[in-house]
């Protein structure tokens, strides 16, 4: 059984994914896609995280915007976020 926990600092997105409301706006269609993807897991949870607790994701977005080519990484995270991930691990232990 696969489990996923999805965190976002966009409260409107978190609330939208958890909502039963359906619509036809671009955001509604995106939220439907997220819900559909989450159904592929045995269990899933989406929760709101303050931006300060989401710094690794924020750094990854900035990294993606700065790269002009495809970027893949396996096992070891990119050096640009290793310090942030270490800080995250230390704060939850």
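Spacing of the modelled spin labels on residue 3 and residue 45, each 7 Å from Cα toward Cβ, amounts to 0.7 nm.
Eigenvalues of the alpha-carbon gyration tensor of the chain, scaled by 5 and square-rooted, set the equivalent ellipsoid semi-axes at 26, 17, 14 angstrom, largest first. Sorting the segments 63-73, 13-23 by their mean number of nearby beta carbons within 10 angstrom, highest to lowest, gives 13-23, 63-73. With the cut-off at under 17 Å, measuring from each backbone N in region 34-68 to a point 7 Å along the Cα-to-Cβ line of residue 28 picks out 34-36. Net length available on complete extension from residue 68 to residue 19 is 14.1 nm, with 0.36 nm assigned per residue and the Cα-Cα distance removed. Computed packing ranks the peptides 47-60, 30-43 as 47-60, 30-43, most packed first, by mean other Cβ atoms within 10 Å. With the gyration tensor restricted to C-alpha atoms of region 51-92, the semi-axes of the equivalent ellipsoid amount to 20, 13, 6 Å, longest first.
Counted over region 3-48 with a bin width of 5 Å, the fraction of Cα pairs per bin, in whole percents, is 5, 24, 33, 25, 12, 2.
FYI, it's all coordinate maths here, none of it is from the lab. Note that the structure is a prediction, hence the values are computed from the model and not measured. Cβ atoms come from the backbone with ideal geometry, glycine included; neighbour counts cover every protein chain shown.
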